[in-house]
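The values are calculated or read from the model by the stated rules, or taken from the named source; none is laboratory data. Computed from a predicted model, the values in this text were never measured in an experiment. A quick note on method: Cβ atoms are made from the backbone with ideal geometry, for glycine too, and the neighbour counts reach across all protein chains shown.
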There are 2 protein chains.
Amino acid sequence: MTSSLADRVLSGDARAIARAISLIEDDDPGGVDLIRAVFAQTGRAFLVGVTGPPGAGKSTLVDRMVGETRRAGSTVGVIAVDPTSPFTGGAVLGDRLRMQSHAGDEGVFIRSMATRGQLGGVARATADAALVLDASGRDIVVIETVGVGQDEVEIVRTADVSIVTLVPGTGDDVQALKAGIMEIADIFVVNKADRDGADRLVSSVESNLSLHAYGAGDWRPPVIKTVATTGDGVPALMDAIARFREDARANEGTRRRSRAESRLREIVSERLMARLERSVGPGNLAALVERVAARQLDPYTASDQLLKKVFAD
Amino acid sequence: MTSSLADRVLSGDARAIARAISLIEDDDPGGVDLIRAVFAQTGRAFLVGVTGPPGAGKSTLVDRMVGETRRAGSTVGVIAVDPTSPFTGGAVLGDRLRMQSHAGDEGVFIRSMATRGQLGGVARATADAALVLDASGRDIVVIETVGVGQDEVEIVRTADVSIVTLVPGTGDDVQALKAGIMEIADIFVVNKADRDGADRLVSSVESNLSLHAYGAGDWRPPVIKTVATTGDGVPALMDAIARFREDARANEGTRRRSRAESRLREIVSERLMARLERSVGPGNLAALVERVAARQLDPYTASDQLLKKVFAD
């Protein structure tokens with residue numbers, strides 16, 4: 001069953017890809033089996049991460065990037081990590097709307113993933129979904145996330161190039177830059193660059209960058225102005241991505257190792273917790289929680305007691 | 001040493017509080033000892049979480065809330081969780097600027113915490129810092145975070161009441177609402193309410209809320225308009241907080257248990273990972289990472305091998 005799903009994913013079958021990503025999203029053991037089966041065939045796609053605050057126009061920008069990539073003859077997969085509220089259920093609707101501009105083009109696969117509120121698992125699930133698209137033979141995989149929090153940083157770190165999208169006129173440009181995002185950006189995009197304040201935002205990013213000492217061979221993140229709604233600036237962005245890709249070949253080994261390490265840590269951490277829950281048993285855990293809630297026991301001492309139980313098995 | 005620090009924290013000494021929070025921020029074992037020592041004296045402060053996107057005017061709003069709280073005769077501690085880039089080092093400067101409006105008032109303690117890019121530990125460190133302020137006898141502890149990501153959600157969940165601050169005119173109100181934030185808000189604030197689009201944003205939040213079926217006894221999050229720069233609407237916000245606090249007394253046991261459980265899980269997860277690293281040893285970990293990076297071994301199988309080593313100890 002799963003091996004045939006893996007074969008179909010490897011052959012590029014869109015339904016099989018969708019099914020595989022659903023398994024991953026649902027945390028189904030079949031998802032893990034699939035990754036094991038296709039993993040050796042991955043590592044060929046180039047992963048492009050796009051992040052930035054809500055309202056920065058990321059979806060429109062990604063649509064334009066998809067168009068440019070297709071014109072250049074490459075196939076694309078898009079994973080939009082979309083923390084959907086139970087009130088909206090926006091992911092499916094959003095996919096339908098977004099697919100319309102590429103309707104009938106088998107070279108484009110777009111899929112939203114809900115984060116379902118679970119902590120930690122999001123980055124792993126996104127990375128696995130990217131592996132599926134990679135295994136399916138997509139040349140370019142775009143990972144788009146909403147937000148500027150630590151979780152988005154972790155997601156974007158799984159990409160080969162990280163694009164941070166900013167937008168003028170949100171009142172406090174500096175805060176947007178402070179939010180842990182300067183370190184992860186390989187390329188900055190100032191979108192909606194036809195708005196007031198675009199040049200000021202570009203200068204503000206540039207002056208932040210100038211505080212950083214770049215060596216002769218170091219990549220200095222360019223700041224690209226785009227108007228995604230018209231497509232202005234998008235070819236310049238694609239050029240910057242291509243230059244970064246060329247530049248990064250020298251460090252590819254290091255990047256792959258650091259990515260492999262963080263994936264391994266995530267998986268191990270999730271499994272350790274699952275094992276803890278099994279070996280402690282729900283009753284014992286509830287009793288400890290009760291004592292912490294009543295302030296009879298501090299959480300650190302309670303944690304010591306839990307760990308003793310796990311390792312006494 | 002630590003017991004005297006604990007005594008000084010319990011007596012409300014501002015320097016001791018600052019020192020204690022630094023220990024926690026630096027992940028110093030003394031921080032854990034301190035929490036163990038003061039934990040039984042905590043649980044009396046009311047924790048107010050304030051979150052929202054960059055540029056929503058949260059700092060100004062929190063300053064106004066501090067002013068109102070002081071006027072009502074209560075003492076306040078503020079923890080501003082501030083994901084500072086290494087380029088800016090904004091936290092210390094920000095504290096100085098913010099303390100100026102409450103200079104000489106011993107009833108106000110303001111402290112920024114950098115997140116230092118570590119995953120997961122931020123929510124725990126923030127919760128511990130809040131415990132220190134609680135133990136020190138502060139009546140109200142405000143936890144302010146920048147951002148709308150999963151990490152901020154986790155931080156705000158440690159509070160007794162969660163306030164989500166929105167701002168009109170960021171172009172895409174709906175995205176801001178989708179970002180996992182609807183579920184955590186006990187109170188919505190539309191700040192900068194003198195701007196165009198404020199009423200539209202209020203309606204948009206209200207219409208989202210109306211999709212949710214609130215029962216007769218359920219708390220329905222109110223939407224409060226404020227202009228933090230002038231103070232308009234801040235008394236109404238304080239009233240809403242007081243009403244929520246009154247309303248929440250019935251569920252206090254459940255809230256305390258769920259908070260105790262998530263704290264316990266965080267601490268245990270961090271410790272399990274630390275133990276794994278010690279028992280596997282850096283050489284073995286590096287060798288496995290190398291094989292995953294070379295696609296000779298998938299990360300799930302590598303993780304199985306690591307876990308076997310830990311539990312074979």
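Being at pLDDT 85 or above and in contact with an Asp or Glu (Cβ under 8 Å, 6 or more places away or on another chain) is the requirement here; does A:T60 meet it?
For A:T60, the condition - at pLDDT 85 or above and in contact with an Asp or Glu (Cβ under 8 Å, 6 or more places away or on another chain) - is not met.
For B:D128, state whether it is modelled with pLDDT of 80 or more, assigned by TED's automatic domain parsing to the domain that holds B:T158 and in contact with a Gly (Cβ under 7 Å, 6 or more places away or on another chain).
In short, yes.
Let me confirm something: among B:S258, B:S303, which residue is more than 8 Å from chain A (Cβ to nearest Cβ), hydroxyl-bearing (S, T, Y) and either free of Cβ contacts under 8 Å to residues at least 60 places away in the same chain or under 29 Å from B:D139 (Cα atoms) (or both)?
B:S258
Checking A:D194 against (1) outside the structural domain of A:I163 (by TED's automatic domain parsing); (2) over 30 Å from A:R44 (Cβ atoms), which single condition isn't satisfied?
Only one criterion in (1) outside the structural domain of A:I163 (by TED's automatic domain parsing); (2) over 30 Å from A:R44 (Cβ atoms) is unmet by A:D194, namely (1).
Answer yes or no as to whether B:V153 is among the hydrophobic types (A, V, I, L, M, F, W, C) and modelled with pLDDT under 75.
Spelling it out, B:V153 is indeed among the hydrophobic types (A, V, I, L, M, F, W, C) and modelled with pLDDT under 75.
Only one of (1) over 30 Å from A:L131 (Cα atoms); (2) loosely packed, with under 14 Cβ neighbours inside 10 Å is not met by B:G283, so which one is it?
Among (1) over 30 Å from A:L131 (Cα atoms); (2) loosely packed, with under 14 Cβ neighbours inside 10 Å, the lone unmet condition for B:G283 is (1).
Scan region A:268-277 and give yes if some residue there is closer than 21 Å to A:D160 by Cα, facing chain B (nearest Cβ under 9 Å) and among the hydroxyl-bearing types (S, T, Y), otherwise no.
Taking every residue of region A:268-277 in turn, none turns out to be closer than 21 Å to A:D160 by Cα, facing chain B (nearest Cβ under 9 Å) and among the hydroxyl-bearing types (S, T, Y).
Name the residue, out of B:V280, B:V289, B:V227, B:V223, that is within 20 Å of A:L307 (Cα to Cα) and of a type in the set (V, I, T).
Step by step, each of B:V280, B:V289, B:V227, B:V223 is checked, and only B:V280 is within 20 Å of A:L307 (Cα to Cα) and of a type in the set (V, I, T).
Would you mind telling me which numbered condition in (1) at pLDDT below 85; (2) within 11 Å of chain B (Cβ to nearest Cβ); (3) out of contact with any Pro (no Cβ under 7 Å at 6 or more places or on another chain) A:N284 fails?
Among (1) at pLDDT below 85; (2) within 11 Å of chain B (Cβ to nearest Cβ); (3) out of contact with any Pro (no Cβ under 7 Å at 6 or more places or on another chain), the lone unmet condition for A:N284 is (2).
Working only within region B:79-91, note down all residues that are buried (at least 19 other Cβ atoms within 10 Å of the Cβ) and either modelled with pLDDT of 95 or more or polar (S, T, N, Q) (or both).
B:T84, B:S85
Tally up the residues in region A:196-250 that are among the hydrophobic types (A, V, I, L, M, F, W, C), away from chain B (no Cβ under 14 Å), surrounded by fewer than 19 Cβ atoms within 10 Å (Cβ to Cβ) and not in a helix (DSSP H, G or I), please.
2
Select from region A:1-57 the residues that are assigned to a loop (DSSP other than H, G, I, E, B) and touching a Lys or Arg at 6+ places or on another chain (Cβ under 7 Å) and write down the one among them that is surrounded by the fewest Cβ atoms within 10 Å (Cβ to Cβ).
A:G43
Among (1) surrounded by fewer than 24 Cβ atoms within 10 Å (Cβ to Cβ); (2) among the hydrophobic types (A, V, I, L, M, F, W, C); (3) at pLDDT below 90, which single condition is A:V108 missing?
(3)
Within region B:166-184, can you find the residues that are modelled with pLDDT of 80 or more and either surrounded by fewer than 24 Cβ atoms within 10 Å (Cβ to Cβ) or away from chain A (no Cβ under 13 Å) (or both)?
Once the filter is applied, which keeps residues that are modelled with pLDDT of 80 or more and either surrounded by fewer than 24 Cβ atoms within 10 Å (Cβ to Cβ) or away from chain A (no Cβ under 13 Å) (or both), region B:166-184 yields only B:P168.
Within the bounds of region B:209-221, is there any residue that is of a type outside the set (A, V, I, L, M, F, W, C), closer than 25 Å to B:S74 by Cα, out of contact with any Leu (no Cβ under 6 Å at 6 or more places or on another chain) and assigned by TED's automatic domain parsing to the domain that holds B:V156?
yes
Restricting the search to region A:58-80, which residues are outside any helix (DSSP H, G or I) and away from chain B (no Cβ under 14 Å)?
A:A72, A:G73, A:S74, A:T75, A:V76, A:G77, A:V78, A:I79
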